[in-house]
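Student: Handing you a structure now.
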Amino acid sequence: MDMVLLAQTLLMWCHARTVSTDESTLDEVAGQTTNRQHPRDPFHGVTLAKMLDELLAHHGWEELGKQIPIRCFTSNPSISSSLKFLRRTPWARYKVEGLYWHYLIAMEDKTLPHD
């Protein structure tokens, strides 16, 4: 993953978590309806389990462990142990959310018609 793109993505994500936005949220990028009750939380309605499931379906455990080198992805990985670790460890959860954001943007780019 290009580090500049990752940094830009994380900055956008951090900005979206601290500033209210009415125009676009992660739900809109994902093609879901937006819940205007939580304009500061772009991940509202997207569970950590759903993020992990989609990332696993796209990357698999091995690639996920390369992208985010934490033991719950590299050593005897399971969804339940990963979810438990991610729920207790904010910095790791932020990395997963950042990768998920990047994944959604990449999927959105693939669905847009390119002229």
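Bear in mind these aren't lab numbers, they're just calculated from the coordinates by the rules spelled out. Bear in mind the structure is a predicted one, so any value in this text is a computation, not a measurement. Note: ideal-geometry Cβ built from the backbone for every residue, glycine included; neighbour counts use all protein chains shown.
Student: Using Cβ counts within 10 Å as a stand-in for footprinting exposure, how do R87, R93 rank, fewest first?
Tutor: If I rank by nearby Cβ atoms, fewest first, I get R87, R93.
Student: Arrange the following residues from fewest to most other Cβ atoms within 10 Å of their Cβ: S82, S75.
Tutor: Arranged by neighbour count, lowest to highest, S82, S75 become S75, S82.
Student: Please order M107, M51 by the number of other Cβ within 10 Å, starting at the fewest.
Tutor: Ranking M107, M51 by Cβ neighbours within 10 Å, fewest first, gives M107, M51.
Student: Which whole-number percent gives the relative contact order of region 47-115, counting Cα pairs below 8 Å spaced six or more residues apart?
Tutor: Relative contact order of region 47-115: 29 percent.
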